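Data first, discussion second: the structure below is written as structure tokens.
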Amino acid sequence: MDVINQLQRQFIDYSTSLHREGFVDDQFTQLQKLQDESSPDFVVEVASLFFEDCEKLINNMARALEQQQGVDFKQVDASVHQLKGSSSSIGAMRVKNVCIAFRSFCEAQNREGCSRCLQQVTHEYSLVKNKLQTLFRLEQQILAAGGSIPVVE
């Protein structure tokens, strides 16, 4: 098997595992389908914006939950809501699912529950970021070898 076929096989297997393990959902597949020759870096650019947004929101939530004079749960909830929307639009399913639970702790004004969810969302974000960066590196290796990115259904 030549290098390009091997890399394409790895890409398909890795993409399939991301879906199977719940890291990404069909929304991510839809984003991939929007990428073409006229916008070859579309998914990477969208993901980079998502990463920046997540890091900002996670830091905002952490700062808000560390306040000793009382937590502004409305502010935390607004950040969680925004993170849920961002993760949903890129298809980061596990991050989105943690945000759903996180919002219920915000509504209950449960600081401890919010802190646990913040740890979970930080963990899930870190995992999906690493997984997507690995996928993007595989794409780059395929293109560098002169191949094309296979479409994963």
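Before moving on, here are some points about what is shown:
- Between helix 3-20 and the chain: long-axis angle, C-alpha atoms, 0 to 90°, nearest 10: 30
- A Förster distance of 35 Å, applied to the separation of the beta-carbon atoms of Leu34 and Gln69, puts the FRET efficiency at 0.15.
- Contact order normalised by residue count of the range 11-122, Cα under 8 Å, 6+ apart, percent: 28
- Of the solvent-accessible surface of the range 1-103, computed with a 1.4 Å probe over protein heavy atoms with every protein chain present, carbon and sulfur atoms account for 50 percent.
- Accessible surface calculations at 1.4 Å, restricted to protein heavy atoms, place the range 1-54 at 59 Å² per residue.
- Against the chain, whose longest principal axis is taken from its Cα atoms, helix 73-90 shows a tilt of about 10°.
- Taking the range 2-39 and a reference point 7 angstrom along Cα→Cβ of Ala144, the backbone N atoms nearer than 20 Å belong to 2-15.
- Remark: the range 85-153 carries 51 Å² of accessible area per residue (probe radius 1.4 Å; ligands, DNA and RNA excluded).
- Evaluated over the range 1-122, the count of Lys pairs having alpha-carbon atoms less than 21 Å apart is 6 (only pairs 8 or more residues apart or interchain).
- Mean separation of Cα contacts under 8 Å, 6 or more apart, over the residue count of the range 64-153: relative contact order %: 21
- With Cα atoms, 0 to 90° folded angle of helix 93-107 axis to the chain main axis: 10
- Were the residues from Thr16 through Ala108 laid out at 0.36 nm apart, the gain over their Cα-Cα distance would be 29.4 nm.
- Remark on the range 1-79: hydrodynamic radius 15.8 angstrom, per the Kirkwood mean of 1/r across alpha carbon pairs.
- Here the range 58-85 is scanned for amide nitrogen atoms under 17 Å from the site 7 Å beyond the Cα of Gln27 along Cα-to-Cβ, giving 58, 78-85.
- For the chain, the equivalent ellipsoid built from the Cα gyration tensor has semi-axes of 35, 13, 12 Å, listed from largest to smallest.
- Taking a ≥ b ≥ c as the square roots of the eigenvalues of the Cα gyration tensor, the range 11-57 is oblate, since a/c reaches 1.5 or more and a/b is not larger than b/c.
The values are calculated or read from the model by the stated rules, or taken from the named source; none is laboratory data. Keep in mind that what you see is a predicted model, and the values were worked out from it rather than measured. We place every Cβ from the backbone using ideal geometry, glycine too, and count neighbours over all the protein chains shown. Just the protein is used for accessible areas: all its heavy atoms, side chains included, with ligands, DNA and RNA removed. Shrake-Rupley method; radii C 1.70, N 1.55, O 1.52, S 1.80 Å.
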